[in-house]
1. If each residue of separation counts as 0.36 nm, what is the full-extension length gain between B:K123 and B:T155 once their alpha-carbon separation is subtracted?
2. Do the sum for chain B: with -39,500 (n - 2.57) for every DSSP H run of n ≥ 4, divided by all residues, what is the mean residue ellipticity at 222 nm, to the nearest 500 deg cm²/dmol?
3. Could you work out the relative contact order of region B:2-324, using alpha carbon pairs under 8 angstrom and six or more residues apart, expressed as a whole percent?
4. Please determine, in degrees from 0 to 90 and to the nearest 10, the orientation of helix A:223-236 with respect to the longest principal axis defined by the Cα atoms of chain A, where the helix direction is its Cα long axis.
5. Report, in deg cm²/dmol and to the nearest 500, the calculated mean residue ellipticity at 222 nm for chain A, where each DSSP H run with n ≥ 4 adds -39500 (n - 2.57) and the sum is divided by the residue count.
6. Shape of region A:157-292 from its Cα gyration tensor (a ≥ b ≥ c, root eigenvalues): rounded if a/c is under 1.5, otherwise prolate when a/b > b/c, or oblate?
7. Mind listing which GluC sites (Glu not before Pro) in region A:107-214 are in a DSSP loop and have 12 or fewer other Cβ atoms within 10 Å?
8. Using a Förster radius of 51 Å, what is the FRET efficiency between A:A106 and B:N214 based on their Cβ-Cβ separation? Nearest 0.05, please.
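The values are calculated or read from the model by the stated rules, or taken from the named source; none is laboratory data. Just so we're clear, the structure is a prediction, and the values are computed from it rather than from any experiment. Cβ coordinates were reconstructed from backbone atoms using ideal geometry, including for glycine residues, and neighbour counts include every protein chain displayed. These area figures cover heavy atoms from the full protein model, side chains too; ligands, DNA and RNA do not enter into them. Shrake-Rupley method; radii C 1.70, N 1.55, O 1.52, S 1.80 Å.
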Amino acid sequence: MKKLRVGRRMTRKLTTVLLVLAMTLSLLSGCGASGDADGEAAKDGSAIKIGILQKSRSDQYQILLNAAQDTALAELKSCGKIADFLQVDADTDVQKQLNQADDMIAMGVSVIIMSPVDANGCAPIVDKCKEAGIPIVIVNSKTSNVEDATAFVGSNDVEAGEIMGNFIADQLGGKGNAKGNVLQLEGDIGNSAQIDRDQGLKNTIYKEEGATVLESLSGKWLREEAMRITEDWLQKYPDISAIAAENDNMGMGALNAVINAGRKDDIVIVSVDAIEDAKLSVQAGELDATVLQDANGQGTGSVDVAFQIASGETYEKNTNIPFVLITKDNVDQYL
Amino acid sequence: MSMQAKQTEQSFDLALFTRKYGILMILVFMIVFLLIASPTFRTLQNTINVLNQISINGIIAIGMTFIIISGGIDLSIGSMIAVASVVTGAVLAANPGNVVFAVVLAAVACGLIGLFNGYIISKFDMFPFVVTLGTQLIFRGAAYVISDGKSYVLTSNAFKEIGQGKLLGAIPYSIIVLISIAFIGFVLLSRTKYGQYVYAIGGNLHTAVASGVNVFKIKLLTYMMMGIFTGIAGVILTSRVNAGQPSIGVGYELDAIAAVVIGGSSLNGGIGTIPGTVIGILMIGVINNGMNLMGVSSFYQQIVKGFIILGAVILDIMISRRKSK
């Protein structure tokens, strides 16, 4: 307890020091290209402290998201628009994120940005922030009570599923005329990305009269698991036209299996995330397409909104960062 | 443990025999059922497919058989695989031509990790369960540190051959590796002094110590061998998925332990055989493949697998009890 109190006092002291430092800096540097960042706004801004609750530092997508936030925050800080920021990693552990949120509320940050570990498990954090009067911006995936949060910046995973479904329909003869047998590799069942991407496929390729979705199994987001399932499917079904994987890791696993079976020419494979080797594979003409969830857009967007909230500017409650279909035609600009 | 030690040599062997046969019968029954129920299962191509899929778990399970017979357990397998994967990935990312070096380095790294496990366990006389529960965190963390959390994209075609290539275009190399390792394991366990010592320290540690067995050395060797086998399995898995990933291999120890236990090894130590484990490995492979071919949904696959494992072991215990009475 004592330690904690000392710790808090220290942070407060530190904050004051940084605050003064930042104020001086903001007076010195003529930073800020935006027109409204002069005079009064800058003075207010220099007291802003942004806290980031990261979901993970090892997940490929979250790494990109964290990096984008970091760049945006560092820029704000160097311009003196914010006093400081801190990032903590929950390592995909709900309990850890709950504790970290408590710590951040106790520290009294101006605004929190959270990439939630779990839709239900992290919902209490939103309530706590509301109680403590600290605005919270949710980024990437939603909590079950996302409407109670101050703002949400993210992409709609249903859209990702629809982009996949439409791409497959186009490849198999065009919307309304698509023909063929489709297989679906699902993520961890119950995960919000899995539910929504599945819904997106249900809205599109499932509705095609001529196309049949033969089976859907969960590859648990894992490459080796998806590869094993696909190998079994390749044995079982002599006629497969397309495979839709709810993430690239599984898409790449399926691709390996299909290439090994010598059936890549007959089977269209599409997946979501646009991770590095998926993009390279698209460039090499193997994977047919990947759907980019814009980590950069989400990361930068979440920091922008958080800053707008903290400095009292107007902000969007819901910011949708659109998904982008990446095929051989446009892959070069994303590599 | 003392009960088993009191048993005579003869009834000990008989129990082992029936244990092995009970499970073999269940495996045969499952295969016959699938042969009838699934047209795909009958094909030669699917047989090769199943053998290919079990090779990674199989290689690990062979090492795990030694560990379990010696009275131990190793929960750090999944993390070791991750280390092997990122070590291979890091070497190949720096220079795609260094295939041999990458493979050897991965096996050596995992061998050293196994040695570390064995050292802690035998030096401080700690429960292997607790030690490897701790070290699996260390190794997984190390894998993340080495790779900085990222996944290595592998482009070397020569490396791809290891896990995806086929001898004469028909037999996957991974199957050949599994058969070789199973054979080496069989010889080591049943035809050498080292093998006898492994049974001895698992069967009755005090007797083994009293009769002059160097327990420290045997345990060290056993955990190191586990590490090397896991390293090889990790390399094959990395090549199979064509990526060096720090998050790979989670839970792989459990399938290996399941195969060993289904194969008639006792978690109390002192009992078990390589042929038994091979049957266990085949059984898990056939369950996984069979359910996919039968179109069992993801929800039910785990439930079915759990019940089959439980059922197999219960039936096996019932058979061996009745026969040894």
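1. Here the answer is 7.3 nm.
2. -26500 deg cm²/dmol
3. Relative contact order, region B:2-324: 35 percent.
4. Helix A:223-236 sits at roughly 20 degrees to that axis.
5. Using -39500 (n - 2.57) per qualifying helix, the result is -15000 deg cm²/dmol.
6. Here region A:157-292 falls in the rounded category.
7. Taking region A:107-214 and a limit of 12 other Cβ atoms within 10 Å, the loop GluC sites (Glu not before Pro) found are A:E209.
8. With a Förster radius of 51 Å, E is 0.35.
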